[in-house]
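**Student:** Mind looking over this structure? Questions follow.
Each reported figure results from applying straightforward, stated rules to the coordinates on display, with no laboratory input. Predicted model, so just to flag it, every value in this text is computed and none were measured. Cβ: placed from backbone, ideal geometry, glycine included. Neighbour counts: every protein chain shown.
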Amino acid sequence: MVGIVIVSHSPLIAAGVKQLASEMAGEQLRIAAAGGVDDHTIGTSVERILEALREADGPDGVLILVDLGSAVLSAQAAIELLNEQQQAHLILSNAPLVEGAIVAAVEASIGRPLMEVNRAAEQVATLNKLG
Amino acid sequence: MPEISITIQHKAGLHLRPAAMFVRTACRFVTNILVRNDTRGGDYKNAKSTLSVMQLGVNQGHSITVRADGPDAEAALEAIRHLTDSNFEDTGADMPA
């Protein structure tokens with residue numbers, strides 16, 4: 001099963017998105033939160049992202065979902081610290097954080113491969129939620 | 001092709017948690033499963049794709065048709081019928097919809 005890492009400037013957002021996605025996808029989901037510089041400080045931390053990548057890692061790879069700005073830079077910096085073999089099964093996604101995490105979590109939980117999980121998560125940006 | 005029609009009673013329609021449960025139920029079967037929102041009209045979509053199901057825009061009271069055409073089609077439709085009959089096993093107002 002594809003693992004998921006949630007990167008947000010806010011530790012509460014990262015933890016909350018993880019909670020919501022887990023609720024949708026079931027307990028077996030591999031999902032880790034990397035929010036804030038520490039538990040009380042807004043920002044992003046390369047160290048926290050690396051820790052979350054280790055936590056969510058598995059044979060099927062990891063999808064990284066980010067909010068904005070330095071979350072992207074920190075995630076890229078974390079990825080650059082890994083070796084090529086590790087990098088090969090990571091995708092940094094352009095998906096919206098909350099909606100993307102929900103779709104990615106469900107798609108991962110039903111055993112879809114990493115590329116497909118990312119595609120579904122990125123496409124949710126086009127969903128008309130006002131119906 | 002075996003098919004069933006269902007009216008969705010869940011207050012949130014086929015969004016978020018009900019959509020996730022719908023897709024996860026469909027994925028337990030090998031058969032191709034298609035679903036259409038009869039109330040809005042439109043095309044049949046893949047019932048095993050979270051995004052496709054959410055894109056149907058199924059609200060409370062909408063009717064859907066579910067079609068399956070593989071070896072376990074009947075079992076798949078029965079499982080989906082059971083899920084919707086149980087109103088997505090909704091036991092409390094505290095569950096996200």
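**Student:** Scan the stretch B:27-55 residue by residue and report those that are among the hydrophobic types (A, V, I, L, M, F, W, C), within 9 Å of chain A (Cβ to nearest Cβ) and touching a residue at least 40 places away in the same chain (Cβ under 8 Å).
**Tutor:** Step one: list which residues in the stretch B:27-55 are among the hydrophobic types (A, V, I, L, M, F, W, C), which gives B:27, B:29-30, B:33-35, B:47, B:51, B:53-54.
If we keep only those that are within 9 Å of chain A (Cβ to nearest Cβ) as well, we get B:27, B:51, B:54.
B:Met54 - this is the single residue of the stretch B:27-55 that is among the hydrophobic types (A, V, I, L, M, F, W, C), within 9 Å of chain A (Cβ to nearest Cβ) and touching a residue at least 40 places away in the same chain (Cβ under 8 Å).
**Student:** Let me spell it out: the conditions are (1) within 12 Å of chain A (Cβ to nearest Cβ); (2) surrounded by fewer than 19 Cβ atoms within 10 Å (Cβ to Cβ); (3) over 25 Å from B:Pro71 (Cα atoms), and B:Val58 meets all of them except one. Which number is the exception?
**Tutor:** (2)
**Student:** Additional query: Could you check the stretch A:20-30 and list, in sequence order, the residues that are part of a loop (DSSP other than H, G, I, E, B) and either within 14 Å of another protein chain (Cβ to nearest Cβ) or buried (at least 21 other Cβ atoms within 10 Å of the Cβ) (or both)? It would help to see each step written out before you state the result.
**Tutor:** Step one: list which residues in the stretch A:20-30 are part of a loop (DSSP other than H, G, I, E, B), which gives A:26-30.
Within the stretch A:20-30, A:Gly26, A:Glu27, A:Gln28, A:Leu29 meet the criteria.
**Student:** Can you pull out the helices (runs of 4 or more DSSP H) entirely within the stretch A:31-131 that have at least 1 residues that are within 12 Å of chain B (Cβ to nearest Cβ) and out of contact with any strand residue (DSSP E or B) (no Cβ under 6 Å at 6 or more places or on another chain)?
**Tutor:** Values: elements: A:46-56, A:70-80, A:84-87, A:97-109, A:114-123.
The qualifying helices (runs of 4 or more DSSP H) are A:97-109, A:114-123.
**Student:** Would the stretch A:4-12 turn up any residue that is within 14 Å of chain B (Cβ to nearest Cβ) and in a strand (DSSP E or B)?
**Tutor:** From the stretch A:4-12, those within 14 Å of chain B (Cβ to nearest Cβ) are A:4; that's our starting set.
From what's left, in a strand (DSSP E or B): A:4.
Within the stretch A:4-12, one or more residues are within 14 Å of chain B (Cβ to nearest Cβ) and in a strand (DSSP E or B).
**Student:** I would also like to ask the following. If you go through the stretch A:87-101 one residue at a time, do you hit one that is of a type outside the set (Ser, Thr, Tyr), surrounded by 15 or more Cβ atoms within 10 Å (Cβ to Cβ) and free of Cβ contacts under 8 Å to residues at least 24 places away in the same chain? Working first, answer last.
**Tutor:** In the first step, residues of the stretch A:87-101 are kept if they are of a type outside the set (Ser, Thr, Tyr); the result is A:87-92, A:94-101.
Okay, now just the ones that are also surrounded by 15 or more Cβ atoms within 10 Å (Cβ to Cβ), so A:89-92, A:95-101.
With free of Cβ contacts under 8 Å to residues at least 24 places away in the same chain added as a condition, the list becomes none.
No, because not a single residue in the stretch A:87-101 is of a type outside the set (Ser, Thr, Tyr), surrounded by 15 or more Cβ atoms within 10 Å (Cβ to Cβ) and free of Cβ contacts under 8 Å to residues at least 24 places away in the same chain.
**Student:** Looking at this structure, is A:Asn83 without any contact (Cβ under 8 Å) to a residue 12 or more places away in the chain and surrounded by fewer than 16 Cβ atoms within 10 Å (Cβ to Cβ)?
**Tutor:** Values: without any contact (Cβ under 8 Å) to a residue 12 or more places away in the chain: yes; surrounded by fewer than 16 Cβ atoms within 10 Å (Cβ to Cβ): yes.
Here the answer is yes, as A:Asn83 does meet what is asked.
**Student:** To continue, here is another question. Condition check: buried (at least 16 other Cβ atoms within 10 Å of the Cβ), out of contact with any strand residue (DSSP E or B) (no Cβ under 9 Å at 6 or more places or on another chain) and within 13 Å of B:Ile4 (Cβ to Cβ). Does B:Leu83 satisfy that? Even if it seems obvious, please write down each step before you answer.
**Tutor:** Values: buried (at least 16 other Cβ atoms within 10 Å of the Cβ): yes; out of contact with any strand residue (DSSP E or B) (no Cβ under 9 Å at 6 or more places or on another chain): yes; within 13 Å of B:Ile4 (Cβ to Cβ): yes.
When the stated conditions are applied, B:Leu83 passes them.
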